[in-house]
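Each remark here refers to the structure printed beneath this line.
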Amino acid sequence: MYDWQPRFMYAMDWAMRDERNVQRMERLVRGIGRDPSEVKVITEEQLPEVIGASGWVGEARQGAYRHPTDPDVIFGALKWVSPEERGRVLKSDLFKQCIDSYDSYGDCKQWFTGSRTLAMFGAGPFYHYEKRSEWNDSLVCWTLHDLHSAWGCLHRCSYCQRGSVYVINLNLEEFVQHVEELITENSWQKTFRYDVEQDVLAIEPEYGACEMLVDAFARRPDQYLILFSKSANVDFLLDLDHKGHTIILWTLTTHTVSRQHEQRTGTMEQRLEAARKCVDAGYPVRFKCKPIIPTRNWRAEITDMLEALYATVTPENLSMETVFFDSVAEMDKTLGLENLDPEFVAAAQTAEEAGEWDKVLHGPRPFTFAVKEAIYRHFISESKRLSPETPVTLCAETQRMWRALADLLEYEPWDYVCNCGPLCPPGCRRIDVVTGPDAPRIAAAQELGAIPRKG
């Protein structure tokens, strides 16, 4: 695991009642060269005081922190609460006291602080279910379940708000049992991503979640695990008997972005070398090129990144997404406008000054549709030049963007191969038949003439 030096280490009292959790905590703490005696056991009632005394930050991108450091840690355990019980925790006075105890709040409105605080109570969900109930002009994405066992991250990326404190759930034996029940109940979903609320490779193999999940999915006949990361810490994976049922999905950024804005991740080059190792070990590999940050020399840097990628491995597929912020001011605090393409910054400022943002027209703030189209056109064109057979698609973009890039994209918003998509097992090149919860909305869109009928 990474060399990680938290200022404070806590453990929730209920988590320490299981000896397996204690052993896992001790293994993690010793893995960073610390003594388990440094871990202070606390109760829920002490959380507001602990949050305030530790100076943890709420809803601020780490690039805007006054003093970004390695996160502190709370070791906990999932309690498997019902949605109704989770709602009661969210409405409780104690939860509100916790929220009020954070040192400061930034401009980010994604509300990760609430999810992380919920996890401190053991009430975080071990999965989230993103249901796309209708054909949406502002977002092209699939319905899916994602898996979680922790909230936080060691990577200290400028644009991310997952720093300050890392809540790590220790009851992995129960977690994997619940995961197996979930995937059995949802046989329509073929791939399950783990974990978008943390980067788990940074705390492996001491944590042990990856090996347990790889083993569980290796026994499934037609369902697959996606390990989602920007870490190069993969050596522990290479000898696991995954049976081709674990996909490694990296987010990939240019060399400049990976060094200036992703402090503790693997560099661009290190991630590519990690991918080569995983390919040699038989893992399917994919890349999500996000966040694309348009630096002053973004065109040349994207080309360099893609040339390095294809010189190292041939991924199953690529997708891409431009960085987003709630305002130009937040982007400035986080990245520094002077580091970005001045023409793109000016366009973002002009659009913001014009008033209400049209998400169907532009997608997420702050970059305009025209800016993002220019970025994507360069990206797709260069990828096709270098590796014409590799599928390239958009991540969480608008219907309008898909239409604008139809001359370059080989897919439609209803059949595209997605590197984290629920219907995209290894080797998938196109979704011929949509099954599961998305089938009714695709059929409804066909009835309305929004998309053509097959055949």
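The values are calculated or read from the model by the stated rules, or taken from the named source; none is laboratory data. Just so it is clear, the model here is predicted, and its values are computed rather than measured. We place every Cβ from the backbone using ideal geometry, glycine too, and count neighbours over all the protein chains shown.
Overview of results
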item: Yes/no for Asp146 being free of Cβ contacts under 8 Å to residues at least 60 places away in the same chain and not in a helix (DSSP H, G or I); result: yes
item: Yes/no for Thr265 being within 16 Å of the chain's Cα centre (by Cα), among the β-branched types (Val, Ile, Thr), within 22 Å of Phe379 (Cα to Cα) and not in a strand (DSSP E or B); result: no
item: Single residue of the stretch 343-357 satisfying the filter (farther than 9 Å from Phe367 by Cα and hydrophobic (A, V, I, L, M, F, W, C)) that is modelled with the highest pLDDT; result: Ala346
item: Hits in the stretch 304-319 - residues which are in contact with a helix residue (DSSP H, G or I) (Cβ under 7 Å, 6 or more places away or on another chain) and aliphatic (A, V, I, L, M); result: Met305, Leu306, Ala308, Leu309, Val313, Leu318
item: Unique residue being under 20 Å from Tyr10 (Cβ atoms) and among the hydrophobic types (A, V, I, L, M, F, W, C) when the list is Leu139, Leu94, Leu147; result: Leu94
item: Residues located in the stretch 212-224, provided they are surrounded by fewer than 17 Cβ atoms within 10 Å (Cβ to Cβ) and touching a Pro at 6+ places or on another chain (Cβ under 9 Å); result: Asp222
item: Lys372 vs. criteria under 30 Å from Tyr65 (Cβ atoms), among the basic types (Lys, Arg), at pLDDT 95 or above and in a helix (DSSP H, G or I); result: yes
item: In the stretch 62-74, the residues that are within 21 Å of the chain's Cα centre (by Cα) and either over 25 Å from Met331 (Cβ atoms) or free of Cβ contacts under 8 Å to residues at least 60 places away in the same chain (or both); result: Asp72, Val73, Ile74
item: Residue within the stretch 400-413 that is closer than 25 Å to Thr314 by Cα and of a type in the set (Gly, Ala, Ser) present; result: yes
item: Test: Phe95 is free of Cβ contacts under 8 Å to residues at least 40 places away in the same chain and buried (at least 19 other Cβ atoms within 10 Å of the Cβ); result: yes
item: Test: residue in the stretch 428-438 that is crowded, with 16+ Cβ neighbours inside 10 Å, more than 24 Å from Pro291 (Cα to Cα) and either touching an Asp or Glu at 6+ places or on another chain (Cβ under 7 Å) or of a type in the set (D, E, K, R) (or both); result: yes
item: Flag for Leu394 being among the hydrophobic types (A, V, I, L, M, F, W, C), buried (at least 17 other Cβ atoms within 10 Å of the Cβ), over 28 Å from Glu130 (Cα atoms) and within 24 Å of the chain's Cα centre (by Cα); result: no
item: Ala406 vs. criteria more than 27 Å from Glu59 (Cβ to Cβ) and outside any helix (DSSP H, G or I); result: yes
